[in-house]
1. Taking the stated definitions as given, is residue B:239 within 13 Å of another protein chain (Cβ to nearest Cβ), modelled with pLDDT under 95, over 25 Å from the mean Cα position of the chain (by Cα) and not in a strand (DSSP E or B)?
2. Of the residues B:204, B:177, which single one is under 24 Å from the mean Cα position of the chain (by Cα) and outside any strand (DSSP E or B)?
3. Mind telling me which of the residues B:412, B:458, B:452 ends up being buried (at least 23 other Cβ atoms within 10 Å of the Cβ), in a helix (DSSP H, G or I) and not assigned by TED's automatic domain parsing to the domain that holds residue B:162?
4. Mind listing whichever residues of the range B:363-386 are closer than 17 Å to residue B:424 by Cα, assigned to a helix (DSSP H, G or I) and either free of Cβ contacts under 8 Å to residues at least 24 places away in the same chain or touching a helix residue (DSSP H, G or I) at 6+ places or on another chain (Cβ under 8 Å) (or both)?
5. Are any residues in the range B:292-304 within 30 Å of the chain's Cα centre (by Cα) and part of a helix (DSSP H, G or I), and if so, which ones?
6. So which residues in the range A:293-330 are buried (at least 17 other Cβ atoms within 10 Å of the Cβ) and out of contact with any helix residue (DSSP H, G or I) (no Cβ under 7 Å at 6 or more places or on another chain), if there are any at all?
7. Identify, please: which residue in the range A:306-321 is over 30 Å from the mean Cα position of the chain (by Cα) and not in a loop (DSSP other than H, G, I, E, B) and is, among those, farthest from the other protein chains (Cβ to nearest Cβ)?
8. Can you name the condition, by its number, that residue B:222 falls short on among (1) within 24 Å of residue B:122 (Cα to Cα); (2) surrounded by fewer than 24 Cβ atoms within 10 Å (Cβ to Cβ); (3) in contact with a helix residue (DSSP H, G or I) (Cβ under 7 Å, 6 or more places away or on another chain); (4) within 12 Å of chain A (Cβ to nearest Cβ)?
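The values are calculated or read from the model by the stated rules, or taken from the named source; none is laboratory data. In this text, all values refer to a predicted model and were calculated from it rather than measured experimentally. Positions of Cβ are backbone-derived with ideal geometry, glycine not excepted, and every protein chain shown enters the neighbour counts.
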């Protein structure tokens, strides 16, 4: 306690009243993850204004043995930014560090402090006739630091890769307070281990990302959004391969949803309309994009894709959005799936991936296994077919009690699903990360060699487990 | 000695006579790097036939404390695969493991054992109407394992990235003999630290790459190769930006060479001819490529690029290769620069990079500094302008003695160059790696925080320094 008092005074002196608080009301919004699954306690909320302040604070924490929970927009999906209930840790918010510090129009590069919000970056890029090709639902609150630390995904990964693929340079504060500064973008650099890549996706357990240099691409000049109804997910896979071969780099997104999800959205969102007249077991949402250098051919390409898909019998029906409003409507259906499925009743969600080439087969073979094992449940798989990434929801049998079913039956189902996906060589976290949500599952299901490597690296870079303890990987086998 | 005897018997028993030898004649070709800079000794040459055998052998080495030098095609540029002169280490050749074990045409994925030769992969891909978009001079001997372990580059990095960017899955044997198996390609996988990326480019110091799953792309359907003469490297940079904006993803390569290099090649290669009539201070070699989905517009694009470059005064003169023969001739000039410059006399070579946006400025400002500091020398910078990667040769003053000058004056020049590039925020090894060639320079010039991280990771994964000791990074500060 004495020690905490000393730490608290020193933190206060270092960061000032804007930078450090123990006020319960000010801390409260940041103690629960946005999905409301985890609530913790914190010794204080630190909001440093610069990398130097982060470094000094981390040194102070090291001196007083205070655990640190780094936090960006608090919009993560796995509780990775929520402290535990001990109240011994501080939350280290990066939100005050929200400056775009460098922009090079010719090189199409931008350096952002960790607290820059994704939407701000989008708007800045657009104002310069450029584009940052990663987006997701939480873009109004998700920060660059959080996106890098969780290697966030989205619907454009098919073409542009995950967040890690956008990172040209990185700055982070390590467990001892030292500053790893590799912000200068070098396209080719073979000076040993790729330390940037070690930090990307490490969920703040190896270092606290304080800034990143990101690449931008030319602005979107045109897009064509197609909606296709197909007989099966295996046909959807054939259509994906056809689109990939025909459109190449113009293919930016390929999402799939089953009839169940479309019906759920049509029920849930009163303004929504089915893009096609008839009924189809599966639906594909395809986006082709072009910048100024390829815009002249995009609409022809979309037409050619549609026509050839009909000719080759790959689709039952299909249409191209007639205008930008309709294109936005198509995408709104995709974005409403999660809330619409949630509105039906209790469900457990899984963000899983298998090899892209096996996803269709996985959905057609594995999903029925879950329903057979847990009678009355309905399995709904939708998402990024082009990335092998399924968002797989299992809906409770009718009459199940919300809040109870998830914790009991739901947990068993998730365990079954994670075992299944592991058998298929897949990942129990495609894009949402491990956080505290899946830390036990990772410890149980990860390849023991990989787990040992992770623990070795964690021990090497944060031997006291001071950075985001209880997230991603424990040093000791606590399971 | 006794211990060695036991080890040797056990290795022999494990691998058989095809798999293990101490025959001096058989070992001799593998004791010197191909540039002839480093010669070492070895206790034996192991050539396991499978990952399982590699694993057993590494366990045996752990038991008997025998250092291991992994080796692929022995075509590295930095002595990274050459043992030291102690004779205590074995060479672990991956060359016998040369099978392509899996190919998925739809997914455009191929799994290669470490010993598969790059050219073999090229030929295999072409036979399937696909392409592996990384190539380099040593393609006839360089192996997949070596390319992955050194994160090799080449002239297509501008568009497709380095070797690491082609890797979808990886298998490696770690220092304790355990097998890290992540060969299954998952496009999205956020289960903790990206261990593949830790191993890529680690030069066999953290693990021995035994296999990799690589992505392929659609076959080349057409290419257009342009040659442009420009007044300065700053103009070359303007032309690069123009080409990038106009051609986008069709721009696959952008190389630059000064008048000095072109003249050297014209002298050196009797069949070579200058692509342009007049004389120009700088030359640009530009390659645009297309697969079947974009081939229809490629020649128009090339013409448009040429015409607009003339219109905007970006080039003094320029031409498009009239046919594939001429295109190959243009590229032959680029490939002959190194031998042509070497034929002139003693020189020291540097494979360096600076931020892409600064390379032109670096060449125009830094190169004269070197010449001023070391009177009589001639600095020649050429290479991958699109990647910020300069191959920077400094030619000795006339009359300097070959073999002597490099070791004395050359060493001082290299030191000066590496300091300069570090001041510019650049890398002392853009694509050739560290190996034993630059291990001291890295220890001196690397950011101490980065160096400490590397040592921590090395210590975590190979605490006995058994994997490729004396390469890339020492655990102790030996400088």
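1. no
2. Working: B:177 fails: under 24 Å from the mean Cα position of the chain (by Cα).
Just one listed residue meets the conditions, B:204.
3. Values: B:412 fails: buried (at least 23 other Cβ atoms within 10 Å of the Cβ); B:452 fails: buried (at least 23 other Cβ atoms within 10 Å of the Cβ).
Result: B:458 is the single residue among B:412, B:458, B:452 that is buried (at least 23 other Cβ atoms within 10 Å of the Cβ), in a helix (DSSP H, G or I) and not assigned by TED's automatic domain parsing to the domain that holds residue B:162.
4. Answer for the range B:363-386, where residues must be closer than 17 Å to residue B:424 by Cα, assigned to a helix (DSSP H, G or I) and either free of Cβ contacts under 8 Å to residues at least 24 places away in the same chain or touching a helix residue (DSSP H, G or I) at 6+ places or on another chain (Cβ under 8 Å) (or both): B:363, B:364, B:365, B:366, B:368, B:369, B:370, B:385.
5. The answer is B:295, B:298, B:302.
6. A:302, A:306, A:316, A:319, A:327, A:329, A:330
7. As a first pass, look at the range A:306-321 and keep what is over 30 Å from the mean Cα position of the chain (by Cα): A:306-317.
Pick out the ones that are also not in a loop (DSSP other than H, G, I, E, B) and you get A:306-311, A:317.
Numbers: A:306: 15, A:307: 15, A:308: 12, A:309: 15, A:310: 19, A:311: 17, A:317: 24 Å.
By that ranking, first place goes to A:317.
8. (4)
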